[in-house]
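Written out below as structure tokens is the structure these notes cover.
The values are calculated or read from the model by the stated rules, or taken from the named source; none is laboratory data. Quantities reported herein were computed from a predicted structural model and do not represent experimental measurements. Cβ: placed from backbone, ideal geometry, glycine included. Neighbour counts: every protein chain shown.
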Amino acid sequence: MPKRFIYGVEEGNVDAFGRKTTTTKKKKKKKKIKKVNVIVISIGTAERARDFCRENEFPMEVIYADPDNVTYDALRLNFGVKETLFDASTPYSILERIQSGKFKELTDVLRQWKPWIPPKREQGLQQGGTFVFDTKRKGDGAAVEYECVYDWYDPSTGAHAPIEEILKACEIES
């Protein structure tokens, strides 16, 4: 079975939620969590990435900083005032969080959030995305080929890829 990873911070063996892979118990039955390599790429500096990891108990080994926006530009992720401030998907994503009972998580994060200025001012208008790649060994096994099996371009602030879709693309049962 080929390994898959979510394109986003530094590579490591973690599950789709950024946790170290392991087995979990559910009703006395062990369920093995499929291994995926998660990579997170974030706008900002390495110093800010370290702060984020420390403040959110996020594994540092799976995050990369992209202070020059190279990855975001190459992927042509959504960008602009409309996408950041005026797209209807932002209030709908907040409404979905409220209706699903996840709004408390957001308010808890915002209480401890420290504002920061990205390296380039215009990066404040940058949206992100989620990509899942399937890896395949070629020939002698030394070369690796990547196939994008899922892509999501965040339409606006707060409107992220549905976790169920990400897990399905990673062939992980939710």
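Just a few scattered comments:
- Test result for ILE63, closer than 18 Å to ASP154 by Cβ, out of contact with any strand residue (DSSP E or B) (no Cβ under 9 Å at 6 or more places or on another chain), in contact (Cβ under 8 Å) with a residue 24 or more places away in the chain and surrounded by 12 or more Cβ atoms within 10 Å (Cβ to Cβ): no
- For TRP152, the conditions (1) touching a helix residue (DSSP H, G or I) at 6+ places or on another chain (Cβ under 9 Å); (2) part of a loop (DSSP other than H, G, I, E, B) all hold with the exception of (2).
- For the stretch 133-141, the criterion of being buried (at least 18 other Cβ atoms within 10 Å of the Cβ), touching a His at 6+ places or on another chain (Cβ under 9 Å) and not polar (S, T, N, Q) is met by none of the residues.
- Of all residues making up the stretch 82-107, the number that are among the β-branched types (Val, Ile, Thr), under 18 Å from PRO162 (Cβ atoms) and within 19 Å of the chain's Cα centre (by Cα): 2
- Qualifying position, being among the basic types (Lys, Arg) and closer than 29 Å to LEU85 by Cβ, among ARG121, ARG137: ARG121
- Only one of THR90, THR107, THR130, THR135 that is part of a strand (DSSP E or B) and at pLDDT below 90: THR135
- Residue match in the stretch 100-112 (condition: under 26 Å from LYS168 (Cα atoms) and of a type in the set (Asp, Glu)): yes
- A count restricted to the stretch 55-70 and to residues that are within 20 Å of TRP113 (Cβ to Cβ), at pLDDT 90 or above and assigned to a helix (DSSP H, G or I) stands at 1.
- Pair list, Cβ < 6 Å and 6+ apart or interchain, from the stretch 139-150 residues that are under 17 Å from ILE166 (Cβ atoms) and among the aliphatic types (A, V, I, L, M) to residues that are at pLDDT 80 or above and not in a strand (DSSP E or B): VAL149/ALA169
- The residue of the stretch 160-174 that is surrounded by the most Cβ atoms within 10 Å (Cβ to Cβ), among those that are of a type outside the set (D, E, K, R) and at pLDDT below 90, is ILE172.
- Any chance ASP73 is in contact with a Pro (Cβ under 8 Å, 6 or more places away or on another chain), exposed (fewer than 14 other Cβ atoms within 10 Å of the Cβ) and modelled with pLDDT of 90 or more: no
- Residue in the stretch 98-111 that is closer than 16 Å to SER156 by Cβ and loosely packed, with under 11 Cβ neighbours inside 10 Å present: no
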